[in-house]
Each structure stands twice: as structure tokens, then as C-alpha cells.
Amino acid sequence: MLRLSMDKTMKFDFRGEDQEANPREVLLMVYSALKEKGYNPINQLVGYLLSGDPAYIPRHNNARALIRKLERDELLEELVKTFLESNQQQD
């Protein structure tokens, strides 16, 4: 008989600890899938990030499932961080 203790908080992670999604890798894979399908990747990603509607991302190469593993704010954070790091002036 399985007995659960109600006095402890359990952590639930549907991705699993070994399958942590990397925002940079996900964005690059989704970008590639969008290009392969003939879409304008920038427009499609902006549409998804603004609306949250997964219809902007095709199922091709599992792109839609990949991008939905991350919160949109995680993707935006990666984009801003990468932009600022690559455009930072050297003193």
C-alpha cells in the first residue's frame, strides 16, 4: 500500500531535471524550423512572444513542443541578454 505524507511539499517538474530546456538552443532550433518551412522566423517568433499563441510556431521538427517547454519571459530574457552582450561597447 502506497502511503503519502501530507506534511511535506513535493516538487513536480513535468520536464524532468535531466531534460531542462535551454532557451538559446530552443530559439535556434525553432528559428531553423521556421526557415525550413519558408516562414519569416523573426516575424513568427515576435508573434508568438507577444501573443502566446503557439499557432505562430509550426510542428515541423517538433518546434512547437520545444518552444512551449519554456515560459515566454525566459525566451525574452535570453533574447535581451544576448542582444546586450553582443552590443556592449568595449571600454
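Where a number appears in this text, it was derived from the coordinates with a stated rule and is not lab data. The structure presented is a predicted model; accordingly, all values stated were derived computationally and were not measured. For neighbour counting, all protein chains shown are included, and Cβ atoms are generated from backbone atoms with ideal geometry for every residue, glycine included.
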Inset, instruction - Please state, to two decimals, what the Cα-based radius of gyration of the stretch 44-91 comes to when divided by 2.2 N^0.38 Å (N = residues). - result: 1.38
Inset, instruction - Add +1 for every Lys or Arg and -1 for every Asp or Glu among the other residues with Cβ under 12 Å from the Cβ of His60, and state the total. - result: +3
Inset, instruction - In nm, give the distance between the simple-model label positions of Asn87 and Asn22, each being 7 Å from the Cα along the Cα-to-Cβ direction. - result: 2.5
Inset, instruction - May I ask you to order 24-35, 44-55 by the average number of other C-beta atoms within 10 Å around their residues, highest value first? - result: 24-35, 44-55
